[in-house]
Amino acid sequence: MLMALVLLLWNSCHSKHRKPEPEPVDTIPFVPPKEKPVDTLLTSETGALWINLKRLQGKGIIFGQQDATISGVDWKGLQDKSDIREITGTYPALYGWELAGAGDNANIDSVPFASIRQGMIEVFDRGGINTATWHLNNPVTKGTAWDVFPAVQQILPDSSSEDLYKSELKNIAAFLHQLRTSDGKLVPVIFRPFHENNGNWFWWGKGHCTPEEYIRLWRFTVGYLRDTLQVHNLLYVYSTDMFETQQQYLERYPGDEWVDILGTENYWDFQTGATVSNGIAQLRILVDLANKRKKLAALTECGFEGIPVKNWWTQFLLKPLKEDTIARNISYLMVWRNANRKHYYAPFPGHKSAPDFLAFEKDTFTIFERDLKEIYFLKGQTLGK
Ligand code: BMA
């Protein structure tokens with residue numbers, strides 16, 4: 001009897017210590033990283049923005065437009081005006097700006113940097129959010145961002161044109177350091193360099209640099225801005241164009257410690273009912289990846305040029321997003337600029353989608369500037385450690 005008990009005990013202890021079966025590689029447990037921004041020395045307003053965006057997750061989607069106060073259909077130049085406000089009475093909550101050309105008087109779309117600076121400060125003072133793209137000219141050929149000569153390998157540290165690239169970063173940093181309000185606060189910016197990285201139309205895109213080169217470029221850019229040039233008012237967005245799988249999305253991902261927001265850009269899938277579910281499927285992957293990593297997710301560019309479908313805003317964009325329990329957790333979406341009567345992505349007074357856009361704005365799930373509350377203040381919460 002005693003012997004049987006001893007044997008039983010031995011067996012059970014022993015089996016507990018049996019060498020576990022090796023885990024198949026794809027089930028290695030995922031250890032979520034600590035919740036902290038890329039830059040732990042963020043200014044308090046930038047840190048508050050990051051935390052408050054997290055608090056807003058799932059409560060609504062922030063709506064943005066590129067160049068919202070810089071140009072509209074039939075007008076140009078920074079004004080207290082935006083086509084969106086003409087229709088809804090409020091500005092978008094998020095404003096996109098183009099920083100390529102920093103160091104010169106004007107950006108690549110001929111917008112003076114003095115106006116960009118003033119506009120970004122005004123946005124901050126009104127409680128809106130600024131985000132910036134950087135269609136940096138090809139640093140080697142001096143062609144545009146669309147000149148796909150493979151420059152990345154030549155601008156990486158220890159390469160022939162390293163200094164050229166560093167001087168571009170110094171220009172960007174100088175601009176960002178000057179983004180100060182009258183009471184000395186630095187304006188936070190959600191920075192989205194080297195976007196649509198899986199497309200082949202930019203010099204940093206697929207086919208013009210390897211994933212390893214892209215990743216090195218990204219890490220160098222962030223490290224140089226943050227640690228060498230001491231820029232502490234940026235949140236960093238990594239963004240692809242359309243993709244199909246997690247693996248594709250992550251092909252050029254530089255790692256969790258280098259990214260705050262996971263973005264994607266998709267102009268196609270939301271245009272017709274036939275493909276909307278593809279767009280939603282990608283956002284589901286994005287939100288899932290972001291949540292696991294304690295990051296944010298965003299549809300960093302989308303839209304329908306000319307908005308030829310009159311109920312596009314509520315039926316093709318908002319409805320599918322709102323109805324999907326996962327995709328609805330993206331933090332923001334941004335449509336592109338209203339440049340002229342051919343190239344525009346938001347309605348203007350008299351446009352056939354204007355009434356639907358008004359309904360889109362009135363919906364409780366969209367966040368425009370008047371709906372944003374104290375995004376730069378923290379109430380009893382500090383940055384994650
Ligand atoms: C593109 C177009 C161009 C512009 C570029 C960078 O999509 O709007 O006219 O130069 O973005 O802003």
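Annotations
- Surrounding net charge for residue 180, when Lys and Arg each add one and Asp and Glu each subtract one, Cβ distance under 15 Å: -2
- Value of Rg to Rh for segment 56-99, rounded to two decimals, is 1.03; Kirkwood radius and Rg both from alpha-carbon coordinates.
- Most fluctuating residue given options 99, 296, 164, as computed from a GNM of the chain linking Cα atoms under 10 Å: 164
- Extent along principal axes [Cα atoms of the chain; Å; largest to smallest]: 95, 52, 44
- The Rg/Rh ratio for segment 99-188 is 1.04, where Rg is the radius of gyration of the alpha carbons and Rh is the Kirkwood radius.
- Residue among 190, 330, 108 with the largest mean-square fluctuation in a Gaussian network model of the chain, springs linking Cα atoms under 10 Å: 108
- Modelled this way, with points 7 Å down the Cα-to-C-beta line, the labels at residue 219 and residue 44 are 3.4 nm from one another.
- Extending 7 Å from Cα along the Cβ direction at residue 323 and again at residue 164 yields two label points whose distance is 5.1 nm.
- Förster radius 30 Å - calculated FRET efficiency between residue 379 and residue 180, Cβ distance, rounded to 0.05: 0.75
- Segment 48-80: trypsin sites (Lys or Arg not before Pro) in DSSP loop, at most 15 other beta carbons within 10 Å: 59
- Low-density loop positions, chymotrypsin sites (Phe, Trp or Tyr not before Pro), segment 151-212 - DSSP coil, at most 13 other Cβ in 10 Å: 201
- Choice from 320, 308, 193 with maximal GNM fluctuation in the chain (Cα, 10 Å cutoff): 308
- Set 322/362; 54/170; 292/319; 59/295 screened for pairs whose C-alpha atoms are more than 19 Å apart: 54/170; 292/319
- Between helix 113-126 and the chain: long-axis angle, C-alpha atoms, 0 to 90°, nearest 10: 70 degrees
- For the chain, the longest principal axis of the C-alpha atoms and the axis of helix 276-293 are separated by about 60°.
- Nearest-ten-degree value, helix 44-56 long axis tilted from longest Cα axis of the chain: 70 degrees
- Take the Cα of residue 105, step 7 Å toward its Cβ, do the same at residue 364, and the gap between the two points is 5.2 nm.
- Restriction of the GluC sites (Glu not before Pro) in segment 324-385 to DSSP coil positions whose beta-carbon has at most 16 other beta-carbons within 10 angstrom yields 374.
- Percentage, to the nearest whole number, of Cα pairs in segment 157-246 over 15 Å apart: 65 percent
- Residue exposure sequence - 214, 376 - by fewest surrounding Cβ within 10 Å: 376, 214
Each reported figure results from applying straightforward, stated rules to the coordinates on display, with no laboratory input. All values derive from a computational prediction rather than experimental measurement. Positions of Cβ are generated from backbone atoms using ideal geometry, with glycine treated the same way; all protein chains shown enter the neighbour counts.
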